[in-house]
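Peer 1: Have a look at the structure that comes next, please.
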Amino acid sequence: MSGGWVYILTNRPNGTLYVGVTNDLVRRTFEHREGDGEGFTKRHGLTRLVYFERYDDIALAIQREKTMKHWSRAWKVGLILETNPEWRDLYDEIAT
């Protein structure tokens, strides 16, 4: 099995949050930015990548995503603030 990524998207600082998992963070983030699909992220305009974690095993990434989805909003915001207190869009950093 190959690795994976857990990531958090938002529409603005302290806005709506979405936790996702993927095996290709650049591609998946680009798809969110382009509005591909008809889901939650498109309805809420969630295009700003504010947090991500890399895992060598996709199964671990999937488990982490499931765990994080059960966290309170405050815990997710705290995680973002630890590494990205300005809520910068990290897409340009990973897409280069």
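Peer 1: Can you tell me which residue among Arg27, Arg64, Arg33, Arg54 is within 16 Å of Asp92 (Cα to Cα) and at pLDDT 95 or above?
Peer 2: Numbers: Arg64 fails: within 16 Å of Asp92 (Cα to Cα); Arg33 fails: at pLDDT 95 or above; Arg54 fails: within 16 Å of Asp92 (Cα to Cα).
Matching residue, one of Arg27, Arg64, Arg33, Arg54: Arg27.
Peer 1: Could you count how many residues in region 70-82 are surrounded by 13 or more Cβ atoms within 10 Å (Cβ to Cβ) and either in contact (Cβ under 8 Å) with a residue 12 or more places away in the chain or in a helix (DSSP H, G or I) (or both)? Spell out the reasoning first.
Peer 2: Looking only at region 70-82, we keep the residues that are surrounded by 13 or more Cβ atoms within 10 Å (Cβ to Cβ), and these are 71, 76-77, 79-81.
Still in the running and either in contact (Cβ under 8 Å) with a residue 12 or more places away in the chain or in a helix (DSSP H, G or I) (or both): 76-77, 79-81.
Number satisfying all stated conditions: 5.
Yes/no per residue for (1) in a strand (DSSP E or B); (2) among the small types (Gly, Ala, Ser); (3) free of Cβ contacts under 8 Å to residues at least 24 places away in the same chain; (4) out of contact with any Gly (no Cβ under 7 Å at 6 or more places or on another chain):
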| site | (1), (2), (3), (4) |
| --- | --- |
| Val21 | yes, no, no, no |
| Val26 | no, no, no, yes |
| Ala59 | no, yes, no, yes |
| Arg64 | no, no, no, yes |
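Peer 1: Looking at this structure, is Tyr55 surrounded by 14 or more Cβ atoms within 10 Å (Cβ to Cβ) and out of contact with any Ser or Thr (no Cβ under 6 Å at 6 or more places or on another chain)?
Peer 2: yes
Peer 1: Only one of (1) under 16 Å from Gly3 (Cα atoms); (2) buried (at least 19 other Cβ atoms within 10 Å of the Cβ); (3) of a type outside the set (Ser, Thr, Tyr) fails for Leu49. Which number is that?
Peer 2: Looking at each condition in turn, Leu49 falls short on (1).
The values are calculated or read from the model by the stated rules, or taken from the named source; none is laboratory data. What you see is a predicted model; the values in this text were computed from it and never measured. Quick reminder, even Gly has a Cβ in these numbers, built from the backbone with ideal geometry, and neighbours come from all protein chains shown.
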